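The values are calculated or read from the model by the stated rules, or taken from the named source; none is laboratory data. Please read these numbers as outputs of a predicted model, since none were measured by experiment. Reconstructed Cβ throughout: ideal geometry from the backbone, glycine too, with neighbour counts over all protein chains shown. With ligands, DNA and RNA removed, areas are computed over all heavy atoms of the protein, side chains included. Shrake-Rupley method; radii C 1.70, N 1.55, O 1.52, S 1.80 Å.
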Amino acid sequence: MDKSSMDFLLTLLNTPSPSGSEEDIQRKWLNYTKPFADEQRADGAGNAISIINPEGTLKIMLAGHCDEIGFLVKDIDAEGYIRVEKLGGISHKPALGMKVDILGEKEVVTGVFGVNAEHQGGTGDGFSFSDLFIDCGASNREEVAKLISIGDTAVYHRSPELLFGNKISGRGLDNRTGAFIAAETIKRLKQKTFPASVAAVSTVNEETNMGGAYYAGAAIQPDLAIVIDVTFAYDYPGSNRGGQPEVKLGGGPVLAVGPPVNKKAGLGIKETAEKQGINIQYELTPRQTGTDADKIRYTGSGITTVNVSLPSVICTLLLKQQASRI
Ligand SMILES: [Zn+2]
């Protein structure tokens, strides 16, 4: 991966984008794709769209959601402690003692998640989400209210890091990496000549309601939608595949197979990968994919959709073998 691409990936990963607060990351995504996009727009739902060859005979859409799971401020008590609600399927297991960034209207406020201390008769290791509060250092509600309002979003304070030189660990790799791949793909395609129009879309709200994907699909009405997301790899201690085929970190992109995705289009991706010497892994999606693909395919008179994912272990992606083989 060249330096500008790597810098862009790190920019995305360093930009908080909890579902519903994607404006900042979308601005950066549109800025990066501007030099090679023939057409750009943002829609009312918050999607960012960059298109190459808009007059192309065949319309292809690449979609990766830019939002991440996080928290929503629900209460500030008289002493200035903040309580939050979950935004998407976030786990509170790592919260204890973890720093958290609250995206206030004027600035980002950093606080720390805590519970009533065990040695003072409070919560032990088995704490529940309702035991948690955030201390941002303010003395009372009035001080907090100058910077934070009910409904502000928050994310764990966590920067991306390279592990062992070739893996990347960080918050929200699901799915800023997908938005990244959509952008990088049109950047590379722009250097080639081909008859298709390709719209890269950084979608919003996937983690909470998939509304962004719905409106992107409905507006673009592509002949083929390729949805890029992350999925589980199973090569870690004690993992349970739950009947899924083996997926390894670094084993190649993961193609969804099952009713929600188009078999013929999936076969085309498989054959192309074989020609390029890229190993494909599979995940079974017998009902839903759990990605933007599930909404895009329901738009218009039905969109031919496929879903390709990066394997991820906990919060780690193998960088060189995956992201560089876009
Ligand atoms: Zn995702």
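Does S159 count as in a loop (DSSP other than H, G, I, E, B), touching a strand residue (DSSP E or B) at 6+ places or on another chain (Cβ under 8 Å) and away from the ligand (no atom under 16 Å from the Cβ)?
Criteria not met by S159.
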For this session: Can you confirm whether the stretch 180-201 contains a residue that is over 21 Å from W29 (Cα atoms), out of contact with any Asp or Glu (no Cβ under 8 Å at 6 or more places or on another chain) and hydroxyl-bearing (S, T, Y)?
Result: yes
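Matching residues to (1) modelled with pLDDT of 95 or more; (2) surrounded by 15 or more Cβ atoms within 10 Å (Cβ to Cβ); (3) within 16 Å of the ligand (Cβ to nearest atom):
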{"residue": "F164", "(1), (2), (3)": "no, no, no"}
{"residue": "S169", "(1), (2), (3)": "no, yes, no"}
{"residue": "A179", "(1), (2), (3)": "yes, yes, yes"}
{"residue": "I186", "(1), (2), (3)": "yes, yes, no"}
{"residue": "S202", "(1), (2), (3)": "yes, yes, yes"}
{"residue": "E207", "(1), (2), (3)": "yes, yes, yes"}
{"residue": "A216", "(1), (2), (3)": "yes, yes, yes"}
{"residue": "A219", "(1), (2), (3)": "yes, yes, no"}
Exercise. How many residues, within the stretch 277-297, are within 13 Å of P259 (Cβ to Cβ) and either open to solvent by 30 Å² or more (accessible area, probe 1.4 Å) or among the basic types (K, R) (or both)?
Worked result: 5
Problem set entry | Lone unmet requirement of (1) surrounded by 19 or more Cβ atoms within 10 Å (Cβ to Cβ); (2) free of Cβ contacts under 8 Å to residues at least 12 places away in the same chain for A48 | (2)
For this session: Quick one: in the stretch 51-64, of everything that is within 13 Å of D223 (Cα to Cα) and more than 16 Å from the chain's Cα centre (by Cα), which residue is surrounded by the most Cβ atoms within 10 Å (Cβ to Cβ)?
Result: M61
Problem set entry | Residues satisfying the stated conditions in the stretch 222-234, i.e. within 16 Å of the ligand (Cβ to nearest atom) and open to solvent by 70 Å² or more (accessible area, probe 1.4 Å) | F232
Exercise. Would you say E23 is acidic (D, E), surrounded by fewer than 22 Cβ atoms within 10 Å (Cβ to Cβ) and in contact (Cβ under 8 Å) with a residue 24 or more places away in the chain?
Worked result: no
Exercise. Among I60, I52, which is under 22 Å from K295 (Cβ atoms) and modelled with pLDDT of 95 or more?
Worked result: I60
Exercise. Which of the residues spanning the stretch 180-225 are under 15 Å from the mean Cα position of the chain (by Cα) and part of a strand (DSSP E or B)?
Worked result: A200, V201, S202, T203
Problem set entry | Those residues of the stretch 148-161 which are without any contact (Cβ under 8 Å) to a residue 60 or more places away in the chain and open to solvent by less than 60 Å² (accessible area, probe 1.4 Å), in sequence order | none
For this session: Hey, can you tell me all the residues within the stretch 1-54 that are β-branched (V, I, T) and in a helix (DSSP H, G or I)?
Result: T11, I25, T33
Exercise. Can you name the number of the only condition in (1) at pLDDT 95 or above; (2) within 16 Å of the ligand (Cβ to nearest atom); (3) out of contact with any strand residue (DSSP E or B) (no Cβ under 6 Å at 6 or more places or on another chain) that N140 fails?
Worked result: (2)
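What do you reckon, is S197 more than 16 Å from the ligand (Cβ to nearest atom), open to solvent by 70 Å² or more (accessible area, probe 1.4 Å) and not charged (D, E, K, R)?
no
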Exercise. Which of the residues belonging to the stretch 88-128 are touching a residue at least 24 places away in the same chain (Cβ under 8 Å), assigned to a loop (DSSP other than H, G, I, E, B) and surrounded by 12 or more Cβ atoms within 10 Å (Cβ to Cβ)?
Worked result: G88, H92, L96, M98, G104, F127
